[in-house]
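Undergrad: Next up is a structure, given as structure tokens.
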Amino acid sequence: MKTDESLGTFDAIAAPHAREVQQIAYGLRALVAKLHPNAVETPRNGERCTTYGVGPKKMSQAYAYISPLTSSVNLGFYHGIALPDPRGLLMGTGKRARHVKLTSIEETRAPAIAALIRAAVQERQASAPSPSLTRRCA
């Protein structure tokens, strides 16, 4: 995974939160890295989240974000409305974005979470085709 730290660091975003919340955030980060080794990670300290994409552009190339909160972590999908969600995990009412609220490290290991990430990667790769961006996720 390539990290662009021009806007901040993942550690700085996670640091203010309780240990349990940090574990969830780091677990999700590891899952994204495993499923999409070529992801571009962009920590955004000002927004208190880290984005993941097929490139660094937030709204056109990013597919997901990790946002630690007081007692949970949101795994958000910028184009979540387009994702298959047979388990009904996605929350939100916006035009495009959806998120999943995770409250335990065990939830990061759910196959449905991995399926959402894979679908989000594939959706962005299809929307921004380029020879360097079309590598499939694991």
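Undergrad: Mean shadow of the chain, computed from the convex hull of its alpha carbons, in nm²?
TA: Working: hull surface 30.2 nm².
Computed as one quarter of the Cα hull surface, the answer is 7.5 nm².
Undergrad: While we're on this one: Using a Förster distance of 30 angstrom, determine the FRET efficiency expected from the C-beta separation of ALA12 and ASN38, and round it to 0.05.
TA: Step by step, r from the Cβ atoms, then E = 0.80.
Undergrad: I want the local charge near SER71. Using Cβ-Cβ distances under 10 Å, sum +1 for each Lys or Arg and -1 for each Asp or Glu among the other residues.
TA: Result for the local shell: 0.
Undergrad: Another one. May I ask what percent, to the nearest 5, of DSSP beta bridges between residues of the chain are antiparallel?
TA: 90 percent
Undergrad: If you don't mind, another one. With springs only between Cα atoms under 10 Å, which of SER104, SER67, SER127 fluctuates most in a Gaussian network model of the chain?
TA: Result: SER127 has the largest fluctuation of those listed.
Undergrad: Moving on to the next point. Report, by chain and number, residues whose modeled amide H sits under 5 Å from the one on THR9, excluding near sequence neighbours (fewer than 5 apart, same chain).
TA: ASN45
Undergrad: Mean separation of Cα pairs under 8 Å and 6+ residues apart, divided by the residue count of the chain: what relative contact order is that in percent?
TA: Reported as a whole number, the value is 24 percent.
Undergrad: Order the peptides 90-99, 56-65 from the highest to the lowest mean number of other Cβ atoms within 10 Å of their residues.
TA: Values: 90-99: 13.8, 56-65: 19.1.
The packing order, highest mean first, is 56-65, 90-99.
Undergrad: Given the peptides 111-117, 48-54, 10-16, arrange them by the average over their residues of other C-beta atoms within 10 Å, most packed first.
TA: 48-54, 111-117, 10-16
Quick note: the coordinates plus some simple rules give every number you see, no bench work behind them. Note that this is a predicted model, so its numbers are computed, not measured. Cβ: placed from backbone, ideal geometry, glycine included. Neighbour counts: every protein chain shown.
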